[in-house]
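First comes the structure, then the notes that go with it.
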Amino acid sequence: MTVHLSEGRARVATLPAPVVRPRSVPSVPRARRLVLEVARFAVVGGSGVVVNILFFNLALHGLRWAPMVATVVASCVAMGTNYLGFRHFAYRDRASRTRRQIVLFFAFSGLGVAMESLLFYAGYQGLGMSGPLGSNIAKALSIVLASAFRFVVYRTWVFQHARNGR
């Protein structure tokens, strides 16, 4: 009697595994990233507001500078400190520092300073907010309104994601 043993396993018909697609809600991760980005922007922007307001008050009420000079110089000082905060904290995951990024940041920040200054002037001169409290309210409102512009341009053009990392 002869027994033939095969060296391989017997083939068994199998069905392919069903393709399971995870339920994904693409807007949730994107929304979460946006919320975190806004929070980081607010931290840096908030510290810039503090620098801006403190320098403004020192210049206007302490050193008796002209109101428009005080607001423009305070905004420029805050602009410099904000660049460091945005570059190293809020947008640290974006493309590395380039000459283009620096030029765009200061160009758009300059537009933000111009907007802020015009808004401050409208409140200070146009609405008569010239006292210590009124000037600070006018300054704070001008910062808030110009910051909306800054947020959009910084995230859109200045601190872009790397082309392959988006």
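Overview of values
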{"quantity": "Long-range neighbours under 8 Å by Cβ, at least six apart or interchain, first residue more than 17 Å from residue 132 (Cβ to Cβ) within segment 63-75, second open to solvent by 50 Å² or more (accessible area, probe 1.4 Å) and not in a helix (DSSP H, G or I)", "calculated": "73/65"}
{"quantity": "Lone unmet requirement of (1) part of a helix (DSSP H, G or I); (2) open to solvent by 30 Å² or more (accessible area, probe 1.4 Å); (3) more than 29 Å from residue 59 (Cα to Cα) for residue 101", "calculated": "(2)"}
{"quantity": "Cross-chain or 6+ apart pairs with Cβ under 9 Å, segment 31-51 first and in contact (Cβ under 8 Å) with a residue 60 or more places away in the chain and small (Gly, Ala, Ser), then surrounded by 14 or more Cβ atoms within 10 Å (Cβ to Cβ) and assigned to a helix (DSSP H, G or I)", "calculated": "45/82; 45/85; 45/86; 45/90; 45/143; 45/147; 45/150; 45/151"}
{"quantity": "Among residues of segment 9-68, those that are closer than 27 Å to residue 112 by Cα, over 27 Å from the mean Cα position of the chain (by Cα) and modelled with pLDDT under 90, counted", "calculated": "0"}
{"quantity": "Qualifying residue in segment 76-89 (condition: more than 15 Å from residue 49 (Cα to Cα), open to solvent by 50 Å² or more (accessible area, probe 1.4 Å), modelled with pLDDT under 90 and out of contact with any His (no Cβ under 9 Å at 6 or more places or on another chain))", "calculated": "yes"}
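The values are calculated or read from the model by the stated rules, or taken from the named source; none is laboratory data. What you see is a predicted model, and the numbers here were worked out from it, not measured in a lab. Methodologically, a virtual Cβ is constructed for each residue, glycine included, from the backbone with ideal geometry; neighbour enumeration extends over all protein chains shown. Quick note on the areas: whole protein, heavy atoms, side chains included, nothing else; ligands and nucleic acids left out. Shrake-Rupley method; radii C 1.70, N 1.55, O 1.52, S 1.80 Å.
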